[in-house]
Structure formats: C-alpha cells, structure tokens
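Student: The structure's right below; bear with me while I get my questions together.
Rule-based calculations on the coordinates, nothing more; no lab input. Note that the coordinates shown come from a computational prediction; the quantities given were computed from them, not determined experimentally. Don't worry about glycine lacking a Cβ; one is built from the backbone with ideal geometry, like all the others, and counts go over all protein chains shown.
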Amino acid sequence: MLFPTHLAVAVLLGRRLRLSTAWLLVGAALPDVVDKSLATLGVVDLFHTVGHSGLLLVVAIPVAYAGRSGLALAVGWGTHLLADAFQIVLNGRPTDALFLGWPLVVPPTPMALPPLAFARQYLWSPAFFVELGIWAALAAAVVAERRRRPSE
Ligand SMILES: [Zn+2]
C-alpha cells in the first residue's frame, strides 16, 4: 500500500475509534519509515523487515495496554501491516505476505523494489483501486464533518 494511504487509514480510524490521530499516524508511519530507511541504507535486502514483522506483537501488545496513546500507536502499526498484507494478496503475490514472519520466514521471491519503482508498478493494480476507495471514504468523512459544524 502506498505510504499516504496508510496515513489516510490512520485518520479514518482516529475519527471512528476516538483514538489519538497523532499516535495513530506515528504507528501507521513507523513500519515504512524504519524498513525503507534500513533498505535504502543497505542494512537489509528487503523493504518489509523488522518494522513490518508480526513478531513485534511482543512489543505492540504491552504498548497497547500502557494507555490510550500506546493503544493508538499499536493500532496504527497493526493496520499498516494488515493493509500491506491485504494489498499483496489482492495483487496476486500471497507468498510475499510472509514478510509478517520476518526473520523466521521470508518471501521466496520478494518483489524488493525501491519505493518509487514500487509505486510505478503498483498504479492500476487491483489494490490501487481499493486505495482510491479509501481516499474517497476519507474525503466523504471530511465533507460530512464540515457539514455538521456550524458555519464559521
Ligand atoms: Zn509498509
């Protein structure tokens, strides 16, 4: 999923779940900020590694129980992983979703494209149209909220 769409999902959840949008945004950004940086610097070979690993649940669960901010952070992180896995499966590369088990398992033939190359091949894929739906939902939520507010 494209990075801005992860942030849009966080904003939508913040409105729906009454969690801190700021902490949801941090959690939703974290996997890509960590992993894309590590891969760009050549520390790891793949763009879905430590920040995208489901094994981080051992950290995310205690963080979620630490308070509302921690819960928002963990939910943001979790939605990022689920959204990435969903789009990968939807786009016909289900074995790439094995990134969730990194480092215990790795996808056998990962795409391993840098962010811009990924974005180019991703446009017009089935998951891209799901993202358009997410952006339409965000726009509808913003419009609905503005209509509810008294005129300024
Ligand atoms: Zn990601």
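Student: Could you work out [θ]222 nm for the chain from helices alone, using -39500 (n - 2.57) per DSSP H run of at least four and dividing by all its residues? Round to the nearest 500 deg cm²/dmol.
Tutor: Computed mean residue ellipticity for the chain: -21500 deg cm²/dmol.
Student: Please report, in debye to the nearest 20, how large the charge dipole of the chain is about its Cα centre when each Lys and Arg carries +1 at its beta carbon and each Asp and Glu carries -1 there. Walk me through the numbers before you get to the answer.
Tutor: On the way: 11 positive and 8 negative charges, 139 e Å.
Computed about the Cα centre, the dipole is about 660 debye.
Student: Something else about it: Farthest toward the dipole's positive end in the chain, which of Ala127, Gly70, His80, given Cβ charges of +1 (Lys, Arg) and -1 (Asp, Glu) about the Cα centre?
Tutor: Highest projection toward the positive end goes to Gly70.
Student: Report the one residue of Leu2, Leu104, Thr49 whose Cα lies farthest in the direction of the positive end of the charge dipole of the chain (charges on C-beta: Lys and Arg +1, Asp and Glu -1; origin at the Cα centre).
Tutor: In the chain, that residue is Leu2.
Student: Work out which helices of the chain, taken as complete DSSP H runs, extend at least 15 Å along their axis over the Cα atoms and score a mean Kyte-Doolittle of -0.5 or more, then list them.
Tutor: Values: long enough: 3-17 (21 Å, 1.01); 21-40 (28 Å, 0.95); 68-90 (32 Å, 1.03); 126-148 (34 Å, 0.85).
Within the chain the helices that satisfy the rule are 3-17, 21-40, 68-90, 126-148.
Student: Who wins for biggest fluctuation among Leu132, Leu24, Leu12 in a Gaussian network model of the chain, springs between alpha carbons below 10 Å?
Tutor: Comparing Leu132, Leu24, Leu12 in a Gaussian network model of the chain, the most mobile one is Leu132.
Student: Two-decimal Rg/Rh of the chain from alpha-carbon positions, Kirkwood Rh? Write out the running numbers ahead of the final one.
Tutor: Working: Rg = 16.3 Å, Rh = 16.2 Å.
Ratio of gyration radius to Kirkwood radius for the chain: 1.00.
Student: Taking the Cβ-Cβ separation of Val89 and Arg148 as r and a Förster radius of 41 Å, what is the calculated FRET efficiency to the nearest 0.05?
Tutor: Values: r = 36 Å, r/R0 = 0.89.
Approximately 0.65, to the nearest 0.05.
Student: Now for a different question. From Cα pairs below 8 angstrom and at least 6 apart in sequence, can you work out the relative contact order of the chain, rounded to a whole percent? If you can, show how the numbers build up before the last one.
Tutor: On the way: 193 pairs, mean separation 39.9, N = 152.
Reported as a whole number, the value is 26 percent.
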